[in-house]
Amino acid sequence: MKLILFGPPGAGKGTQADKIKSHYNIAHLATGNIFRRNIKNKTNLGQKVKSILDAGKLVPDETVVDLVIDELQHQKYESGYILDGFPRTIPQAEALDDYLSSKDTSIDLFVNLEVPEQELINRILSRADGRSDDTPEKIKTRLDVYHKQTAPVLNHYKKQGKVKEISGVGSIDEIFERIKEVLDQVK
Ligand code: AMP
């Protein structure tokens with residue numbers, strides 16, 4: 001199963017991806033986690049993207065696409081994966097589709113986690129993991145970026161008939177139950 005887990009910042013993608021990963025035993029590829037790990041380890045990539053993440057802006061498409069395609073070569077992704085935080089722009093979505101179609105495959109499902117804006121802001125502000133981009137000002141930038149550059153990706157996959165809308169409001173387990181209902185139909 002190849003799944004895109006989509007939604008605005010604070011929608012709970014990381015939390016739900018972890019649950020999907022353990023329940024279905026599939027790999028989880030989170031571009032934001034990869035960038036944060038590289039920043040922490042002070043790699044070349046980390047140095048290149050640090051100021052972009054700190055500002056709440058997007059890393060250039062080419063950098064992200066190269067990273068994801070390289071990462072997908074690992075054996076752990078062979079039997080399926082959850083993409084979390086990617087694709088985040090139309091060019092990224094097109095690059096992913098092209099890559100997958102060159103391998104005679106495609107995304108099975110695109111899950112959109114829907115959460116009202118005020119709840120997103122409250123959730124991010126109460127998140128306790130000390131992210132440098134979790135301040136009110138950065139959250140505003142990230143939501144703006146989401147609306148302008150990322151939200152169109154939803155329509156891109158709607159046109160392909162891949163989208164399932166799921167309410168991302170409620171307890172973590174309630175939301176996971178909704179996701180399971182949808183994924184169990186695809187498995
Ligand atoms: P996330 O953990 O998904 O919220 O991502 C944190 C930050 O990493 C974002 O605000 C961007 O700066 C960067 N990032 C993660 N994924 C992407 C992507 N697909 N395209 C561009 N930038 C990304």
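Quick note: the coordinates plus some simple rules give every number you see, no bench work behind them. A quick note: this is a predicted structure, and the numbers were derived from the prediction, not measured. Methodologically, a virtual Cβ is constructed for each residue, glycine included, from the backbone with ideal geometry; neighbour enumeration extends over all protein chains shown.
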Counting only residues that are without any contact (Cβ under 8 Å) to a residue 60 or more places away in the chain and near the ligand (Cβ under 9 Å from one of its atoms), how many does the range 53-65 have? 6
Scanning the range 66-109 for residues that are closer than 15 Å to Tyr157 by Cα, within 14 Å of the ligand (Cβ to nearest atom) and part of a helix (DSSP H, G or I) gives Ile90, Pro91, Gln92, Ala93, Glu94, Ala95, Leu96
Pairs needed: first member in the range 38-52, closer than 14 Å to Ser132 by Cβ and acidic (Asp, Glu); second member anywhere, more than 10 Å from the ligand (Cβ to nearest atom) and part of a helix (DSSP H, G or I); C-beta distance under 7 Å; at least 6 residues apart or different chains. none
Condition first: more than 10 Å from the ligand (Cβ to nearest atom) and not in a loop (DSSP other than H, G, I, E, B). Now tell me which residues in the range 121-138 satisfy that. Ile121, Asn122, Arg123, Leu125, Ser126, Pro136, Glu137
Just checking, how many residues over the range 139-180 are assigned to a helix (DSSP H, G or I) and more than 16 Å from the ligand (Cβ to nearest atom)? 12
What number of residues within the range 110-120 are within 20 Å of Asp84 (Cβ to Cβ) and either over 17 Å from the mean Cα position of the chain (by Cα) or not in a loop (DSSP other than H, G, I, E, B) (or both)? 7
Which one of Phe6, Phe35 is among the hydrophobic types (A, V, I, L, M, F, W, C), under 22 Å from Gly130 (Cα atoms) and under 16 Å from the mean Cα position of the chain (by Cα)? Phe35
Top-ranked residue of the range 1-32 - restricted to ones that are in a helix (DSSP H, G or I) and without any contact (Cβ under 8 Å) to a residue 40 or more places away in the chain, ranked as surrounded by the most Cβ atoms within 10 Å (Cβ to Cβ): Asp18
Per the list (1) closer than 17 Å to Gly85 by Cβ; (2) exposed (fewer than 15 other Cβ atoms within 10 Å of the Cβ); (3) touching a Leu at 6+ places or on another chain (Cβ under 6 Å), residue check on Gly168 breaks on (2)
When the residues of the range 22-52 are filtered to those that are in contact with a Lys or Arg (Cβ under 7 Å, 6 or more places away or on another chain) and hydrophobic (A, V, I, L, M, F, W, C), which remaining residue is farthest from the ligand (Cβ to nearest atom)? Ala27
Hey, does the range 146-165 have a residue that's in contact with a Gly (Cβ under 9 Å, 6 or more places away or on another chain), surrounded by 12 or more Cβ atoms within 10 Å (Cβ to Cβ) and without any contact (Cβ under 8 Å) to a residue 60 or more places away in the chain? no
